[in-house]
Amino acid sequence: MAKPVTSFTCTSCGAVHKKWAGRCDACGAWNSIVEEAPLSAGPAAKSLGGARGKAIALTDLSSREPPPPRTGSGLSELDRVLGGGLVPASAILVGGDPGIGKSTLLLQAAASFARAGLPCIYVSGEEAGAQIRMRAQRLGLADAPLKLATETNLRDILTTLDAERPALAIIDSIQTMWADNVESAPGSVSQVRACAHELVTFAKRTGTAVILVGHVTKDGQIAGPRVVEHMVDTVLYFEGERGHQFRILRAVKNRFGPADEIGVFEMTGAGLAEVANPSALFLSDRNKPVPGSAVFSGIEGTRPVLTEIQALVAPSPLGTPRRTVVGLDAGRLSTTLAVLEARCGIPFTGLDVFLNVAGGMRVTEPAADLAVAAALLSAREDVALPADTVIFGEISLSGALRPVGQTENRLKEARKLGFTQAIAPARGKPGGNAGLKLREMADLAEFVGDMFGAG
Ligand code: TYD
Ligand code: MG
């Protein structure tokens with residue numbers, strides 16, 4: 001039999017390489033590849049072909065079984081991101097930077113589930129029991145019938161869970177757990193993978209929902225949450241800017257609900273508070289109109305969310321002007337600048353450009369293009385956009401404005417927040433305007449001419 005060879009694994013994405021390299025070809029991370037002990041002796045020498053297994057029962061799609069009942073957590077922002085509550089036997093990964101508030105969120109959720117009568121177990125491999133109890137006290141959750149354990153040995157945890165059979169088990173964090181049948185340190189790719197596999201299998205076998213916490217790691221010594229993304233049903237990322245109190249829980253994968261759904265929270269002295277109306281929150285700092293600010297009416301998951309896009313354009317002392325982007329894709333900024341130059345004759349050469357989404361929000365929709373262009377032009381021309389106007393639309397490379405989905409939802413949200421005008425791409429078919437003065441435009445040049453004179 002062939003001798004098992006050591007492999008080289010990327011701690012960021014889990015890709016396996018034949019030899020060490022400074023950069024992972026699969027995900028592009030630097031210095032993330034480490035040598036790992038072999039996982040197993042490899043495939044058995046004999047193929048399964050001749051073996052006789054037992055026949056498995058086959059069913060059809062139109063089964064009469066009702067869909068699995070979901071349990072609400074009482075935190076409606078969390079339930080929304082989960083797709084309408086917790087599904088039994090599901091495995092959920094909650095990833096995020098250290099210190100962003102994952103433990104706080106899950107302690108609040110667990111306490112809330114426990115109060116609703118769901119047997120819940122919270123296993124921490126990071127904090128001492130006293131620390132967790134202190135936090136629970138501060139959050140006003142000390143009376144919740146939540147069962148707590150501090151343990152990192154997976155075998156003991158599984159034995160306990162098997163005996164208790166809770167409805168929900170929270171493992172904080174997967175990187176601190178270790179399985180004694182895997183010969184590598186806790187946090188290594190093989191340990192994280194093996195532990196996640198055991199826990200996911202446990203969830204499927206017993207019906208317990210399992211939530212795994214995974215720290216996003218910066219250096220290559222500890223495997224990141226991406227290593228287990230493919231094993232779980234739902235992947236949520238908890239994100240936010242350090243300086244801001246807003247936290248956004250984003251579903252990047254969900255087998256039981258829409259992906260891209262977000263829940264918005266605010267970190268307060270008494271834990272995470274839900275933000276029911278994020279648009280109002282993200283626009284709360286706006287007062288009088290200033291150049292370089294445009295309000296974008298976006299869709300996050302199933303919900304419209306209004307955000308303010310801010311731009312600053314200034315003469316650059318550098319040979320290669322700066323392009324600094326926070327909360328948006330840098331590639332899309334380059335594209336938008338190129339289209340403005342090529343199709344509207346507005347160059348940004350020799351100018352530094354800074355672009356930012358207010359409030360620590362991250363916008364990934366292409367529909368933000370037009371609002372970005374508006375903010376850039378407004379900053380460059382030093383002309384404020386009308387304060388009561390929302391803007392959305394995708395810009396194609398030809399300079400044409402492409403209609404985006406859910407126009408009416410975007411308009412309704414804007415109206416709810418007191419906006420009276422909207423600028424949007426021309427739609428092929430007639431549609432409602434939700435009571436707003438809607439200005440539909442066919443291309444970027446028309447927009448520039450309309451808003452800033454001849455351009
Ligand atoms: P934590 O949940 O420990 O983060 P993670 O588990 O993701 O590493 O959150 C820690 C941070 O949250 C810490 O910087 C303090 C802050 N925090 C508050 O601001 N208010 C609170 O009520 C709590 C419990 C934490
Ligand atoms: Mg924690």
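The values are calculated or read from the model by the stated rules, or taken from the named source; none is laboratory data. A quick note: this is a predicted structure, and the numbers were derived from the prediction, not measured. Ideal geometry is used to build each Cβ from the backbone, glycine not excepted, and the neighbour counts take in all protein chains shown.
Kindly indicate which of GLY101, GLY74, GLY96 is under 23 Å from MET267 (Cβ atoms), surrounded by 22 or more Cβ atoms within 10 Å (Cβ to Cβ) and not acidic (Asp, Glu).
Just one listed residue meets the conditions, GLY96.
Restrict the check to the stretch 196-207 and report whether at least one residue is assigned by the TED database to the domain that holds THR150, within 28 Å of ARG23 (Cβ to Cβ), within 16 Å of ligand 2 (Cβ to nearest atom) and within 22 Å of the chain's Cα centre (by Cα).
No; the residues of the stretch 196-207 include none that is assigned by the TED database to the domain that holds THR150, within 28 Å of ARG23 (Cβ to Cβ), within 16 Å of ligand 2 (Cβ to nearest atom) and within 22 Å of the chain's Cα centre (by Cα).
Mind telling me which of the residues ALA371, ALA338 ends up being aliphatic (A, V, I, L, M), within 30 Å of the chain's Cα centre (by Cα) and within 26 Å of GLU239 (Cβ to Cβ)?
The match here is ALA371.
Condition check: more than 26 Å from GLU241 (Cβ to Cβ), in a helix (DSSP H, G or I), of a type outside the set (A, V, I, L, M) and assigned by the TED database to the domain that holds LEU438. Does ARG415 satisfy that?
It is true that ARG415 is more than 26 Å from GLU241 (Cβ to Cβ), in a helix (DSSP H, G or I), of a type outside the set (A, V, I, L, M) and assigned by the TED database to the domain that holds LEU438.
Of the numbered conditions (1) surrounded by 15 or more Cβ atoms within 10 Å (Cβ to Cβ); (2) touching a residue at least 40 places away in the same chain (Cβ under 8 Å); (3) within 16 Å of ligand 2 (Cβ to nearest atom), SER90 satisfies every one except a single condition; which is it?
For SER90, the exception is condition (3).
Could you list all residues from the stretch 300-330 that are of a type in the set (S, T, N, Q) and either in the same structural domain as PHE246 (by the TED database) or assigned to a loop (DSSP other than H, G, I, E, B) (or both)?
Residues satisfying the conditions are THR302, SER316, THR320.
Have a look at PHE256, PHE265, PHE246 and point out the one that is within 16 Å of ligand 2 (Cβ to nearest atom) and either at positive phi or within 19 Å of the chain's Cα centre (by Cα) (or both).
PHE265
Applying the selection to the stretch 108-131, what residues are near ligand 1 (Cβ under 10 Å from one of its atoms) and either crowded, with 19+ Cβ neighbours inside 10 Å or not in a helix (DSSP H, G or I) (or both)?
Scanning the stretch 108-131 gives GLN108, SER124, GLU126, GLU127.
Residues GLY331, GLY327, GLY405, GLY360: which one is within 26 Å of TYR237 (Cα to Cα), touching a His at 6+ places or on another chain (Cβ under 7 Å) and surrounded by fewer than 23 Cβ atoms within 10 Å (Cβ to Cβ)?
GLY360
Take the residues in the stretch 171-195 that are part of a loop (DSSP other than H, G, I, E, B) and of a type in the set (Asp, Glu); name whichever of them is farthest from ligand 2 (Cβ to nearest atom).
Checking each candidate, the answer is GLU183.
What tally of residues in the stretch 358-377 results from selecting those that are touching a helix residue (DSSP H, G or I) at 6+ places or on another chain (Cβ under 8 Å) and closer than 16 Å to ARG286 by Cα?
Residues in the stretch 358-377 being touching a helix residue (DSSP H, G or I) at 6+ places or on another chain (Cβ under 8 Å) and closer than 16 Å to ARG286 by Cα: 3 in total.
Checking the structure you have, find out if any residue of the stretch 280-288 is in contact with a helix residue (DSSP H, G or I) (Cβ under 6 Å, 6 or more places away or on another chain) and at pLDDT 90 or above.
Scanning the stretch 280-288 turns up no residue that is in contact with a helix residue (DSSP H, G or I) (Cβ under 6 Å, 6 or more places away or on another chain) and at pLDDT 90 or above.
Please determine whether any residue of the stretch 223-240 is surrounded by fewer than 17 Cβ atoms within 10 Å (Cβ to Cβ) and either at pLDDT below 85 or assigned to a strand (DSSP E or B) (or both).
no
Go over the candidates LEU105, LEU78, LEU141 one by one and state the one that is more than 16 Å from ligand 2 (Cβ to nearest atom) and either not in a strand (DSSP E or B) or not assigned by the TED database to the domain that holds ARG242 (or both).
Going through LEU105, LEU78, LEU141 in turn, just one is more than 16 Å from ligand 2 (Cβ to nearest atom) and either not in a strand (DSSP E or B) or not assigned by the TED database to the domain that holds ARG242 (or both): LEU78.
Quickly run through the stretch 82-102 and pick out the residues that are within 16 Å of ligand 1 (Cβ to nearest atom) and either in a strand (DSSP E or B) or touching a Leu at 6+ places or on another chain (Cβ under 8 Å) (or both).
ILE92, LEU93, VAL94, GLY95, GLY96, GLY101
Within the stretch 247-299, take every residue that is of a type in the set (Phe, Trp, Tyr) and in a strand (DSSP E or B) and give me the one that is surrounded by the most Cβ atoms within 10 Å (Cβ to Cβ).
PHE296
Provide a single number: the residues in the stretch 208-221 that are surrounded by fewer than 21 Cβ atoms within 10 Å (Cβ to Cβ) and over 16 Å from the mean Cα position of the chain (by Cα).
Qualifying residue count, the stretch 208-221: 4.
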